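Notes to accompany the following structure.
What follows is calculated from the coordinates using simple rules that are stated; it is not laboratory data. Every value quoted in this text rests on a predicted model; they were computed, and no experiment measured them. Using ideal geometry, Cβ is built from the backbone for each residue, glycine included, and neighbour counts are taken over all protein chains shown.
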Amino acid sequence: MAETLHNSEPAASLEDQTLLIFARLMEGGQEDEETCRDLDGLTKLLNDDADAQEKDKNHESICKLIDGDCVDTILCYLDMRQPEVVRGHATLTTSAYLRAAGEKGRERLSAFFFDRVKRGTYDDYIVAFCVAAAIFPIVPDVSAELFLNEGFLVSLGPLMRRKWKSRKVETACLEMLNASCMNAACREAIQKYCVEWLEEVVDQDLDGEVRSMNSEPNVHSEGGSVNMRKHSEQVRHLAAVILAKLRAVPPNPNTSDPNQPRVDAAVTSIEDLSGMFTKMILRDESDGKQHSIEGLAYASLQPKIKESIVNNPELLKKLVTTLKDAPPRSPMTYGLLSIFLNLTRYRPSLTEEEKKMSQLKAYADAAGKLAEPDVLDDDEHVTKRCKAVFEAGLTPVLVTHSKTGSTRSLSTIVSIIHSFSMTKALRGPLAQQGAIKLLLTAWATLPETETTGRNMAAQAIARILISTDPNLVFGGNRSNPVNAAIRPLASILPPDPAADRRDLLPTFEALMALTNLASMSDPDIPRSIISIAWNQIEEQMLSSNARVSQAAVELVCNLMQAPEGIALYADGNPQAKNRIHILLALADAEDDGTRSAAGGALASLTGYESVAKLVLEREGGIEVLLRMCTDEDEGLRHRGVVSMYNMVAGDAQVCQLAREKVKEVGGVEALKESLKMSRRPEVVQLTVETLKAILGQE
């Protein structure tokens, strides 16, 4: 019995805690800090309760204590008239309650919402709409059910058209509509039932309203001012944001009900909405700025709006300044980053086959109208926009925000920098303004699941390092920062396995960047490249793409200046033999650049006896070197003659065997031909020395 009583105490204590918190929250009159503390305590109890239910189906939930009045208490703290900090904590509590209460919680939420709407007072409308707006991101499916309930949306028109306005009701209503736009079905319903009065809100005729009011003698003023009879500027801007979302994401014609009447052409164009947002942002007033930024973010999905933004230097500068001053992880920061992302995003490159398929899909979706890509979104226009945004001073602001931003904002920042790096002229300035450090940090800190962001960061690093002196980028021979760049570059050497198609551009750019790094004087760098990326580099040497293969061989050629690189080919094991055979094959390739790079590597390696033996053992190996000696390109002839000199000049047995083999295959005549073709003194001199070594002359 004692044990039973002891085990029951925690449950009783838990109930007492829950009831005590609700008693304080219902009583009210507390300081905001105390209210937030109680809400946090309730949130923890509910989350713990939900965890316990998942572990034990027989767990007795504290939700049995939470009746309709308790739910009303929690939800009323979501009221827009509550302090912002309280609303934030109440949102977390609501989320925890819905998780713990399950279906019962959803029923109570629905009952609360429709009960308040049915009452029809301004206070009840405000609370109901605020709750709907707050819970939409938490339980979108439940919220959509409430929102799409028959007759609800239809009732909003008369409410918003009342001549005597409650700005808080209007604001709460529009906040709800704004949140619901995340759901496709809700967007279509808003398009069907609300667009007309939303446009009236945006394009209100004040004089017409006043005349209408004055013609009704029974209307009594409750404030006397005309301003109380019209929609406030904040309300108008919020309505404009909703319209911008509807214009930016139009309904799918295939899912529309053919029996429904068609919506009339929009009275308010996306250009009108964008102009309204622009004016508000330039006025630099806090009221409505967030809504205007959100609206412009959606409007800037349209190419013509992108062009209007970048062609307005004052607006562009204001957006950069506003982002600089915006708090990290705030809705304003996300909105501004979205605008810059839209301005700088390139269309994905498509193969001819993909272009045809895309056109056919667009033709089908447009019910017989072939949709062509907007010319304002082609690479030329995007490049100009990138330059304009860069010149507005965005990069240092992005660097600052990258230090405190969320994963979402950091991925967006990386995408913007990635677009900047497409333009060769911007790569040096990007490095000067701290972009390399930003990208290295982003690659290292973004979760591995964020493959797109990490790949973009690595590719942008590659592009900058291709076009700039790495000694300047990394400040001389400080190897640690350089080594930090090797892993991101190595990560994009293999094509992305998750991609729909094989894109070799990142591979090519990473190889080029690594080649630049390998040319630095720091001996640690080639060692690190070989340690981290050798297997991928070796694989790319045999790529079916000639440019990728050439870039890989050029990197190998640079790595042969390091002892670790030479050891890969000169240590005499079976792998070394295979590697030398591959180099000889590449030195005989059709592509000039690949032949030259492979020849450079052989020129470095043939001075080692073990390598010379492998060349001799390879059938046709000496002939490959001789063909290099007679190539039309004098640079390649030089590499061939160096390789041949290494093979034949010396007392080692392999040199004697090489001299005999050269004579046997007509090498003397080939070298004489090379001598006739060459003009550079160093090539002529070395060819003469090689002939002397073969012919046994002093």
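The modelled label-to-label distance for the pair Glu107/Asp56, using points 7 Å beyond Cα in the direction of Cβ, is 2.5 nm.
Residues Lys168, Lys306, arranged from fewest to most other Cβ atoms within 10 angstrom of their Cβ, appear as Lys168, Lys306. Taking the Cα centre of the chain as origin and assigning +1 to Lys and Arg Cβ atoms and -1 to Asp and Glu Cβ atoms, the resulting dipole is close to 1620 debye.
Helices that extend 27 Å or more along their long axis by alpha-carbon positions and average at least -1.0 on the Kyte-Doolittle scale are, among the DSSP H runs of the chain, 2-27. Dividing the summed helix terms, -39500 (n - 2.57) for each DSSP H run of n ≥ 4, by the number of residues in the chain produces a 222 nm estimate of -22500 deg cm²/dmol to the nearest 500.
Converting the Cα gyration tensor eigenvalues of the stretch 45-156 into ellipsoid dimensions via √(5λ) gives semi-axes, longest first, of 25, 16, 12 Å.
For the chain, averaging the sequence separation of C-alpha pairs within contact (under 8 Å, six or more residues apart) and dividing by the residue count gives a relative contact order of 5 percent. Only one residue of Leu517, Ala184, Thr594 has its Cα farthest out toward the positive end of the dipole of the chain, where Lys and Arg carry +1 and Asp and Glu -1 on Cβ, and that residue is Thr594. Using just the C-alpha positions of the stretch 465-610 as equal point scatterers, what log10 of I(q)/I(0) does the Debye formula give at each q in 0.11, 0.14, 0.18 1/Å? Log10 I(q)/I(0), no solvent term: -0.39, -0.64, -1.04.
Qualifying trypsin sites (Lys or Arg not before Pro) in the stretch 489-580, where qualification requires a DSSP coil assignment and no more than 15 other C-beta atoms within 10 Å, comprise Arg501, Arg502.
Spatially close Lys pairs in the stretch 560-698, defined by Cα atoms under 24 Å apart and a spacing of eight or more places or different chains, total 13. Here the peptides 664-670, 516-522 are ranked by packing, the mean other Cβ count within 10 Å, and the order with the highest first is 516-522, 664-670.
Per-residue Cβ neighbour counts within 10 Å put Ile293, Ile582, Ile126 in the sequence Ile582, Ile126, Ile293, beginning with the fewest.
Restricting the stretch 544-624 to GluC sites (Glu not before Pro) that sit in a DSSP loop and have at most 14 other Cβ atoms within 10 Å of their own Cβ leaves Glu590, Glu619. Rg and Dmax, both from the Cα atoms of the stretch 526-618 and both in Å, are 12.0, 33. Remark on the stretch 386-428: hydrodynamic radius 10.7 angstrom, per the Kirkwood mean of 1/r across alpha carbon pairs. Note down the net charge around Ala589, summing +1 for each Lys or Arg and -1 for each Asp or Glu among other residues with Cβ under 14 Å from its Cβ. Net of charged neighbours comes to -3.
With a cut-off of 10 Å between beta carbons, the residues surrounding Ile580 carry a summed charge of +3, where Lys and Arg count +1 and Asp and Glu -1. Each of Leu493, Leu243, Ser406 was scored by the projection of its Cα onto the charge dipole of the chain, and the greatest displacement toward the positive side belongs to Leu493; charges sit on the C-beta of Lys, Arg, Asp and Glu. The mean of 1/r over all distinct Cα pairs in the chain, once inverted, gives the Kirkwood hydrodynamic radius of 31.1 Å. The overall shape of the stretch 560-698, judged from the alpha-carbon gyration tensor, is oblate: a/c is not under 1.5, and a/b is no greater than b/c.
Counting neighbouring beta carbons within 10 Å and listing from fewest to most, the residues Ser274, Ser95 come out as Ser95, Ser274. Please give the FRET efficiency for Leu472 paired with Ala425, using the beta carbon to beta carbon distance and R0 = 22 Å, rounded to the nearest 0.05. That pair, Leu472 with Ala425, gives E of 0.85. A cut-off under 14 angstrom between Cβ atoms defines the neighbours of Gly434, and their net charge, with Lys, Arg +1 and Asp, Glu -1, is +3.
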